[in-house]
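The values are calculated or read from the model by the stated rules, or taken from the named source; none is laboratory data. From a predicted model like this one, the values you see are computed outputs, not experimental measurements. Here the Cβ positions follow ideal geometry from the backbone for every residue, glycine too, while neighbour counts run over all protein chains shown.
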Ligand SMILES: NC(=O)c1ccc[n+]([C@@H]2O[C@H](COP(=O)([O-])OP(=O)(O)OC[C@H]3O[C@@H](n4cnc5c(N)ncnc54)[C@H](O)[C@@H]3O)[C@@H](O)[C@H]2O)c1
Ligand SMILES: [Zn+2]
């Protein structure tokens, strides 16, 4: 074995067999063996469950950090770590430097069965806390899902479901030979752009040029198995469908694809039902995976099906439009339109992972691309002045889709959205409201023109100019900032004014759009570039004056 692999670190959920496997590997390599949980038990003289009960999890994690720090000083040692240890960033950093991290995976059902068998074998010993709840399988699913992005940081993942201890040990030794020339550290980790971390779930967002090739690998690292159903539209599927099918097949996923017509009309109950018919016909099961391959329309529709079919299936977002990459694929809002209103039927249902490959934007029509830049610029305007500077300094590279700066811009923009939605998963706490910057006027304009004239981002660009002008009128924002934003929008090919739309139609639509009846519109305004404020106290005459300014004579 190469000298560079100093130690082997074995992580994974409870019941994946870390300890036994690590021991077996150590035996075969003639290396030392450490189990950090055992070390803690030795040191404190108490079983882990008792430490949790008497001293609390914080104390346990502290002991665990100490033990891991010590273990990381070893050489030629196989180190089995506790199932939650890798979640701690300090631990991860140490472990990543100390050796090759291998994650043992297993389906929740397998884990449940193993833990249950283990408990039955040794009656009288303390039942694992995981089993001492009403619905242990559900608890395993939840806890495992919340740790999955951290397990995804491992260098190598082994699915242990059908394997015995010695077969898993063999796989680990094979992996360490394969990765002998592997240079640290840490390609798979570098790809994670950000995490969405809500109270109930967390999942990684990957942004990388050409990353589509590694979709299968990323899905396996996220603990997904089964048959993958690709849902796409007639524009996107001919471009990327067979490529994605091939990638998934190569990674061992069986697959099926359903292709729907492009366009917002498809985001409907009718098509949701058509897709469900297809899933029923193909006997899709609860562990199979929906893959949304396309723009925001496909993402919202496929996500709605994933949320509801069999009461919820795993799903993966592969956004191919700029709007979908930086906005629609992040945050778990899924749904379809009702003839009486857009997005009236829907749910919050987070995907298991999002993988955005900016290379797919090379085929996106120019106007759609510009529309996406409006949301990117919006993210900078509300929260990140430095990012606005980056956009200003790289307009020509970005509009030409130069890979490096394009990827950077998308990654940053996605991270801003992920950060906001993480703080307010279900839009209950008002923190998501800031994402509506530019959207009040935009929705008015879109509705007043029956959603036919403007692409969403075009309306948002005009709405942002309106919101900035309004902020200026109210004495919040200097005129220079208003002009700076306007110039940037124009450089990305976006409109900043409109003509031929009746102003009263716009204000009427704006009134209808506000989420709570009887309340004032909550305006998202700017205090500065990158500094957002919310105000429910904006005089109607100022709004009208701004609309008049936006309307070309
Ligand atoms: N869930 C959310 O939080 C959220 C946020 C924003 C928008 N949305 C929704 O997203 C939708 C708008 O997203 P969109 O602009 O991506 O619309 P879209 O999915 O309709 O895509 C726009 C067009 O580009 C095509 N396309 C997509 N990727 C392509 C590619 N790589 N190459 C060539 N053509 C490609 C599509 O076929 C379509 O014709 C709306 O339904 C909106 O309600 C949802
Ligand atoms: Zn928007």
>> Going through 377, 441, 410, 382 one at a time, which residue ends up being in contact with a strand residue (DSSP E or B) (Cβ under 8 Å, 6 or more places away or on another chain), part of a helix (DSSP H, G or I) and within 13 Å of ligand 2 (Cβ to nearest atom)?
In response: 382
> How about the stretch 522-542: which of its residues are part of a loop (DSSP other than H, G, I, E, B) and surrounded by fewer than 17 Cβ atoms within 10 Å (Cβ to Cβ)?
Replying inline: 536, 537, 539
> Considering only strands (runs of 3 or more DSSP E) fully contained in the stretch 181-244, which possess at least 1 residues that are over 18 Å from the mean Cα position of the chain (by Cα) and either surrounded by fewer than 17 Cβ atoms within 10 Å (Cβ to Cβ) or modelled with pLDDT of 95 or more (or both)?
Replying inline: 228-233
> Could you give every pair whose Cβ atoms fall below 8 Å, whose first residue belongs to the stretch 225-252 and is on the phi > 0 side of the Ramachandran plot and in contact (Cβ under 8 Å) with a residue 24 or more places away in the chain, and whose second residue is assigned to a strand (DSSP E or B) and within 12 Å of ligand 1 (Cβ to nearest atom), counting only separations of at least 6 or pairs across chains?
Replying inline: none
> Among the numbered criteria (1) at pLDDT 95 or above; (2) surrounded by fewer than 20 Cβ atoms within 10 Å (Cβ to Cβ); (3) over 27 Å from residue 421 (Cβ atoms), which single criterion is violated by residue 262?
Replying inline: (3)
>> Looking at (1) assigned to a helix (DSSP H, G or I); (2) within 16 Å of ligand 2 (Cβ to nearest atom), which one does residue 494 not meet, given that it meets all the others?
In response: (1)
> Does at least one position in the stretch 271-289 carry a residue that is under 30 Å from residue 496 (Cβ atoms) and either out of contact with any strand residue (DSSP E or B) (no Cβ under 7 Å at 6 or more places or on another chain) or in contact (Cβ under 8 Å) with a residue 12 or more places away in the chain (or both)?
Replying inline: no
> Any idea how many residues of the stretch 450-465 are in contact with a strand residue (DSSP E or B) (Cβ under 9 Å, 6 or more places away or on another chain) and more than 20 Å from residue 488 (Cα to Cα)?
Replying inline: 2
> Of all residues in the stretch 331-352 being outside any strand (DSSP E or B) and touching a strand residue (DSSP E or B) at 6+ places or on another chain (Cβ under 8 Å), which is nearest to ligand 1 (Cβ to nearest atom)?
Replying inline: 331
